[in-house]
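The next block holds one structure in the form of structure tokens; read it before the comments.
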Amino acid sequence: MRSSRRVSCTCLVAMVMSAAALVPSEAQAAKTSLLSTLAAMPAPPAAPVGAPGTARVTETPNPPIAVPGVTLKTRDGYRDTKWHDLDAATGRGYCLVSRTGGLRWMSSWGTSSRSNPEDLELDRLIEKDGKVSLERTKVHFDPSDASITGMGTARVELHEVARNAQGVVAWAFRDGRDVVILARKVDRGVESRPADSEEGLIPFASAEGCPFAGARLDARKPEAGSIAQLSGTLPAKGEGKDKVVPQFTVDASLSRVARDTEPKLAVRIRIRE
């Protein structure tokens, strides 16, 4: 269930420039935000032994304690194995996230009982009282005994970094060394190449059935610049031959020039029909 899809930096820039030149696009001017205006995701506190959300400490409780926002279904697999499916409650804003390769945003995660344990994240986009936040629960899943362990939960308030007339909204927050940009209805994305990587490759982000998704920009060397991109689909307009399915692209870049007192995040939204 792991995948790492990447593309060279030179090819990526060429692809983006070609797409912008050849595809009709309605784009807003880029909106800039200072890096200091973005809130940082705190480290989740360790869940105390026996607390709600800890499904396995020294032995699996019977029945196991549920981790809110995710359910586990098990069925018979090949020969003496079992097949496990973790399903996120996407209708309530939850999404499973894997950091293997590029970010993978998933409505479900499937694996065999013979697979190695996995560390995942269970993210939830929350809107309340005019504010938007991201709640993150660290989840450890051991397929050998079908145990799910909630390792702690943290929450960060999101900063709106762009919005267009069609209702596409982009948010951002700081996550360790990275800046993460998020939007709803995202199908895929491209992340910045890590500053400490010697490869000329840039990882992709993928979204499979989640109500939102994001991509990372490495913020450690803003003077060198970093870029990320999210793409998604809006509801269809018209019928029959007049039917069109608008698509949107969120372009994000992080940079710092000599005259800047601190790094800036620039974000623009483009609509293609």
Flag if Lys241 is touching a residue at least 60 places away in the same chain (Cβ under 8 Å) and over 30 Å from Ala88 (Cβ atoms):
no
Among residues of the stretch 168-179 being in contact (Cβ under 8 Å) with a residue 60 or more places away in the chain and within 24 Å of Asp129 (Cβ to Cβ), the residue farthest from the chain's Cα centre (by Cα) is Val168
Expected output for the stretch 107-130 (first residue not assigned by TED's automatic domain parsing to the domain that holds Ala88, partner surrounded by fewer than 17 Cβ atoms within 10 Å (Cβ to Cβ), Cβ below 8 Å, 6+ apart or cross-chain) is none
message: Ala236 - would you say it is modelled with pLDDT of 95 or more and either buried (at least 17 other Cβ atoms within 10 Å of the Cβ) or farther than 28 Å from Ala258 by Cα (or both)?
response: no
Restricting the stretch 73-88 to residues that are over 23 Å from the mean Cα position of the chain (by Cα) and of a type in the set (D, E, K, R), the one nearest to Asp123 (Cα to Cα) turns out to be Lys73
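Per-residue answers, yes or no, for (1) crowded, with 17+ Cβ neighbours inside 10 Å; (2) not hydroxyl-bearing (Ser, Thr, Tyr); (3) not assigned by TED's automatic domain parsing to the domain that holds Gly101; (4) not in a strand (DSSP E or B):
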{"site": "Pro194", "(1), (2), (3), (4)": "yes, yes, yes, yes"}
{"site": "Ser206", "(1), (2), (3), (4)": "yes, no, yes, no"}
{"site": "Leu217", "(1), (2), (3), (4)": "yes, yes, yes, no"}
{"site": "Arg220", "(1), (2), (3), (4)": "no, yes, yes, yes"}
{"site": "Glu223", "(1), (2), (3), (4)": "no, yes, yes, yes"}
{"site": "Leu230", "(1), (2), (3), (4)": "yes, yes, yes, no"}
{"site": "Ser253", "(1), (2), (3), (4)": "yes, no, yes, no"}
Of (1) under 18 Å from Ala252 (Cα atoms); (2) surrounded by fewer than 16 Cβ atoms within 10 Å (Cβ to Cβ); (3) at pLDDT 90 or above, Ala170 fails just (2)
Within the stretch 131-150, residues free of Cβ contacts under 8 Å to residues at least 40 places away in the same chain and out of contact with any strand residue (DSSP E or B) (no Cβ under 8 Å at 6 or more places or on another chain) come out as Ser144
Among Glu262, Glu273, Glu223, the single one that is touching a residue at least 24 places away in the same chain (Cβ under 8 Å) and either β-branched (Val, Ile, Thr) or more than 20 Å from Ile181 (Cα to Cα) (or both) is Glu273
Only one of Arg163, Arg188, Arg193, Arg216 is in contact with a Phe, Trp or Tyr (Cβ under 9 Å, 6 or more places away or on another chain), basic (Lys, Arg) and touching a residue at least 24 places away in the same chain (Cβ under 8 Å), namely Arg188
With criteria (1) at pLDDT 60 or above; (2) under 17 Å from the mean Cα position of the chain (by Cα), Glu26 comes up short on (2)
Conditions (1) at pLDDT below 95; (2) over 15 Å from the mean Cα position of the chain (by Cα); (3) of a type in the set (A, V, I, L, M) -> Ala162 fails only (1)
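The values are calculated or read from the model by the stated rules, or taken from the named source; none is laboratory data. Here the structure is a predicted model, which is why all the values come from computation and not from measurement. All Cβ positions, even for glycine, are placed from backbone atoms using ideal geometry, and neighbour counts span all protein chains on display.
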